[in-house]
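Derivation of every value follows stated rules applied to the coordinates shown; laboratory data play no part. Worth saying up front: this structure is predicted, and the values here are computed from it rather than measured. Methodologically, a virtual Cβ is constructed for each residue, glycine included, from the backbone with ideal geometry; neighbour enumeration extends over all protein chains shown.
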Amino acid sequence: MITADEWERLVSAALVGTDRRPMPDLLGRAAAHTAGARAGWRLHRGEPLPVAPPEEQPPLPGAAGERVARILGGEHPRLLPEWLEAAAARGYRLPAKVLPEVLDQGVRDRSLRPPIGVLAGARGRWLASLNTAWAYLLEEVSTHLATGEHAADLSEVAGAAERRATPPAGGSARPGGAGEPRAGSGGPGRRTPADDPGRPAQDPGGPEASATGSGGPEGGSGGPGEPAAAGAGPEGAAGEPEEVRSVPVHPLWEFGTRGDRIAYLRRLRAGDPAAARALLRRGWEAEAPEDRAAFVHAMAEGLSMADEPFLEAALDDRRREVRSQAADLLTRLPDSRLGHRMAERAGRCLRLSGDRLAAEPPADCDAAMERDGVRPRPPGGTGRRSWWLQQVVAHTPLAFWTGHFGRTAKQIVALNTGEWSREVRLGWERAAVLQNDPTWARALFAVEPLTDLLTVLPPEERAGKAAELVRDQPVDGQLIMMLGGVPAPWGAALAKAVLAKILDTVERQPWNLGELVRLAGERVDPAYHEIAARWSAEPPVQEVAATLRFRSDMLAELEPRP
């Protein structure tokens with residue numbers, strides 16, 4: 001930058017005028033000063049950054065590292081999610097040279113963040129601590145917690161979490177992130193109810209559960225019109241608070257990232273649901289609202305009536321997402337208090353009259369309905385009563401309808417519901433998915449083939465029904481949307497149906513094939529690449545075969561070498 005003396009001389013020259021000082025010299029010095037002022041930066045003394053910690057995960061095989069670089073470079077970019085999931089499932093870490101680009105991918109696409117959290121390794125987290133755009137990584141699963149062949153030992157995972165929790169000399173753990181003592185430990189940094197104003201603080205299943213579980217005139221009953229069950233607090237056991245205090249806190253729960261804690265909770269739920277529930281209750285009030293919602297969602301693993309008191313109390317949470325997750329899970333428990341309340345409402349809304357259903361939607365959405373998960377404000381273009389009816393039906397146990405009407409699911413779905421038929425069917429479809437009921441899903445799919453209903457069916461049946469639709473329907477947006485909801489890998493029946501549809505369409509509507517060809521290449525089992533290559537010499541089929549071969553090689557490169 002220009003010095004003070006030089007600036008004084010420049011000002012002096014300008015004041016004297018160009019008659020006594022050459023114009024080019026004056027302009028040149030002024031230009032130099034302008035450039036310096038724009039680009040200059042006063043240096044400050046700073047401390048050197050800590051070096052990246054040592055890696056604890058195995059590196060990618062060399063060929064796999066080259067493959068992901070090719071994908072990032074534009075070769076089959078839509079296969080990046082599959083590659084990330086496969087590599088994360090094996091516990092690898094990314095090469096340093098591709099880390100920044102992969103972290104940028106996570107900024108743009110949130111669905112990629114969980115596998116990136118595993119693959120980033122220690123260096124990735126170090127980079128994330130230096131770049132706010134990549135800070136999302138600090139909340140993802142930091143170490144592989146999968147089950148099966150590549151499962152990590154929890155003691156090793158916890159040790160890694162504790163090592164991350166130990167700040168470097170002269171430094172400190174990131175506030176609110178991994179390495180901070182968690183709820184129930186007495187440590188600082190956890191959010192308290194005062195941080196989230198609105199509803200009063202609530203400890204699901206705590207002593208206040210039986211009081212706050214009333215939910216208005218319909219709440220708190222063991223069934224329609226029945227008094228609340230004794231001991232409706234946590235697990236219905238008076239001595240459980242002491243049990244909660246005695247629950248050991250695993251270091252991963254104490255020091256892990258948000259993603260670590262969710263993964264650990266799911267793992268614990270799979271083996272010991274009661275211990276997981278007690279662990280949640282230990283510090284529930286101090287958990288951040290977004291964490292509470294994620295933890296309730298994780299309770300779907302191992303869900304049983306033993307969880308009902310906890311979830312019933314969660315309906316009083318101050319966070320809408322928590323209440324919604326709790327209501328969805330209670331819907332899967334036909335004997336829950338919410339299930340009984342919804343069945344009572346549904347019985348008032350739908351009555352059997354001969355061979356038709358007479359519908360009378362709710363006249364309003366009262367506080368008790370809102371507590372039970374009914375959202376009062378409808379989306380744009382939907383009437384309020386239509387919206388309330390749809391939600392009441394969606395949260396009513398499906399077993400209620402067959403018992404109430406004395407008919408099978410197939411017979412009930414075939415009934416005429418007049419002007420409210422759309423709302424009722426949408427409610428049943430949502431209920432079939434929430435309650436994971438294949439009988440109702442089959443009956444509803446026969447009326448309207450929605451992708452969401454396919455997810456409820458066993459894999460072979462799902463693929464078979466999808467193959468039937470591929471054979472019977474033209475290639476249009478509805479077919480593509482349906483296939484887009486069928487997860488990979490597609491088996492032989494669906495693969496052959498799609499390849500046949502491509503050949504059938506290539507002669508008549510080749511312009512319609514683009515997305516179908518891409519989907520087939522991404523979803524068909526890559527083991528079928530040779531079958532696809534021999535299927536036909538038509539370019540669209542060969543394009544599918546080439547993508548399948550790419551995926552086959554891609555996955556083979558990730559397998560550990562003996």
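For the stretch 448-562, what does the alpha-carbon gyration tensor say about shape, rounded, prolate or oblate, given a ≥ b ≥ c as the root eigenvalues, a/c under 1.5 as rounded, and a/b over b/c as prolate? Could the numbers behind the result be given before it?
On the way: a/c = 2.13, a/b = 1.20, b/c = 1.78.
Here the stretch 448-562 falls in the oblate category.
Compute the separation of the alpha-carbon centres of the stretch 425-483 and the stretch 72-99 and state it in Å as a whole number.
If you average the Cα positions of each part, the centres end up 31 Å apart.
Write out the trypsin sites (Lys or Arg not before Pro) in the stretch 470-562 meeting two conditions: DSSP loop, and at most 13 other Cβ atoms within 10 Å of their Cβ. Before the final figure, lay out each step's value.
Numbers: sites: Arg471, Lys496, Lys501, Arg508, Arg518, Arg523, Arg534, Arg549, Arg551; in loops: Arg508.
The qualifying sites are Arg508.
Would you mind counting up the charge near Gly106? Only other residues with Cβ under 12 Å from its Cβ, with Lys and Arg at +1 and Asp and Glu at -1.
-2
Counting other Cβ atoms within 10 Å, which GluC sites (Glu not before Pro) in the stretch 453-553 have at most 16 and lie in a DSSP loop?
Numbers: sites: Glu460, Glu461, Glu468, Glu507, Glu515, Glu522, Glu530, Glu543; in loops: Glu507.
Passing sites in the stretch 453-553 are Glu507.
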